[in-house]
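What follows is one structure encoded as C-alpha cells, with my remarks underneath.
The values are calculated or read from the model by the stated rules, or taken from the named source; none is laboratory data. Note that this is a predicted model, so its numbers are computed, not measured. No Cβ is skipped: glycine too gets one built from the backbone with ideal geometry, and neighbour counts run over all protein chains shown. Quick note on the areas: whole protein, heavy atoms, side chains included, nothing else; ligands and nucleic acids left out. Shrake-Rupley method; radii C 1.70, N 1.55, O 1.52, S 1.80 Å.
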Amino acid sequence: LAKTTQPISMDSYEGQEVNITCSHNNIATNDYITWYQQFPSQGPRFIIQGYKTKVTNEVASLFIPADRKSSTLSLPRVSLSDTAVYYCLVGALYSSASKIIFGSGTRLSIRP
Amino acid sequence: GAVVSQHPSRVICKSGTSVKIECRSLDFQATTMFWYRQFPKKSLMLMATSNEGSKATYEQGVEKDKFLINHASLTLSTLTVTSAHPEDSSFYICSARGTSAQETQYFGPGTRLLVL
C-alpha cells in the first residue's frame with residue numbers, strides 16, 4: 001500500500017486559490033489517486049480522482065506529474081465553507097482486495 | 001453520485017449492551033464495504049473489509065469477536081459492537097465500493113456511538 005504524505009495544516013483567505021500537495025513515492029502502476037474532503041462529524045466526501053496528467057471537475061483540479069510520485073489538489077477561489085480536512089489516498093481500483101488507508105490529512109482553514 | 005447511508009446517525013447505550021450499525025448503498029451494488037472508526041481530531045482508522053457473502057477481513061489489533069461484521073447482500077453491511085464499553089465510544093464510518101463502473105469508494109455519513 002502506497003503511503004501518502006501531506007502538510008498537516010494550511011491557511012488561506014476567501015477568494016484565493018489553494019493548492020495542497022501530496023507525496024506518494026511508492027505508488028504502484030495500477031494505483032489511482034483520490035482526494036476526499038471531510039467536515040467535522042461527517043463522512044468523507046469524494047472530491048476528485050485521477051491516474052495521470054490533469055483532471056478537472058466542477059469543484060477542483062488534480063495535477064499529477066509524469067512520475068506520479070506526487071499530486072496536487074487545486075481548489076479555485078475558496079470560501080469559508082471549504083474549511084475542512086482534505087485527504088489524499090492512493091489505491092488500486094478494479095481490485096476486490098484493494099483497501100484505502102487514510103493518512104493524517106491536511107486541515108485547511110479559510111479566513112475571511 | 002453514489003449514495004451510502006448509515007443508521008442510526010447517533011446512538012447512546014449502556015455499558016455491556018450491543019449496538020448494531022447499518023450501512024447501505026442506496027443506488028449501486030457494493031461488492032466490498034469497509035468499516036472505519038475515527039476519534040476526535042484524528043484520521044480514519046480502517047477496522048475491517050467485508051466482501052458480500054464472505055467473512056470480513058479485520059485489520060491488526062481489531063477484535064473480530066468484539067466488532068461483528070455481516071455483509072449479507074450487495075447493498076447492506078452491518079457492524080455490531082458487542083458488549084460495548086466506554087472506550088468503544090467513537091465515530092464509526094462505513095464506505096462502499098461498486099462492482100464495476102463505480103469503483104470509487106463512497107462513504108456514509110457516520111454513526112456517533114456513546115457508551116455510558
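Counting just the residues of the range A:73-102 that are of a type in the set (Val, Ile, Thr) and within 26 Å of B:Gly98 (Cα to Cα), which one comes out modelled with the lowest pLDDT? Filtering first and then ranking leaves A:Ile100. Just one of the numbered conditions (1) within 14 Å of chain A (Cβ to nearest Cβ); (2) touching a Phe, Trp or Tyr at 6+ places or on another chain (Cβ under 6 Å) is not true of B:Gly53: (2).
For A:Ala60, the conditions (1) over 30 Å from B:Ala56 (Cβ atoms); (2) within 13 Å of another protein chain (Cβ to nearest Cβ) are fulfilled apart from (2). Of all residues assigned to the range A:4-27, at least one qualifies as being open to solvent by 20 Å² or more (accessible area, probe 1.4 Å), of a type in the set (Gly, Ala, Ser) and more than 29 Å from B:Arg10 (Cα to Cα). The residue list B:Lys66, B:Lys42 contains one member that is under 30 Å from A:Tyr86 (Cβ atoms), out of contact with any Lys or Arg (no Cβ under 6 Å at 6 or more places or on another chain) and among the basic types (Lys, Arg), which is B:Lys42.
Being over 13 Å from the mean Cα position of the chain (by Cα), within 14 Å of another protein chain (Cβ to nearest Cβ) and farther than 12 Å from B:Ala96 by Cα holds for only one residue in B:Gln60, B:Gln38, and it is B:Gln60. If only residues of the range A:29-51 that are surrounded by 15 or more Cβ atoms within 10 Å (Cβ to Cβ) and either among the hydrophobic types (A, V, I, L, M, F, W, C) or more than 25 Å from B:Val4 (Cα to Cα) (or both) are counted, the one that is nearest to the other protein chains (Cβ to nearest Cβ) is A:Phe46. Taking the range B:14-78 as the region of interest, the strands (runs of 3 or more DSSP E) fully inside it that hold 2 or more residues being exposed (fewer than 15 other Cβ atoms within 10 Å of the Cβ) are B:67-73.
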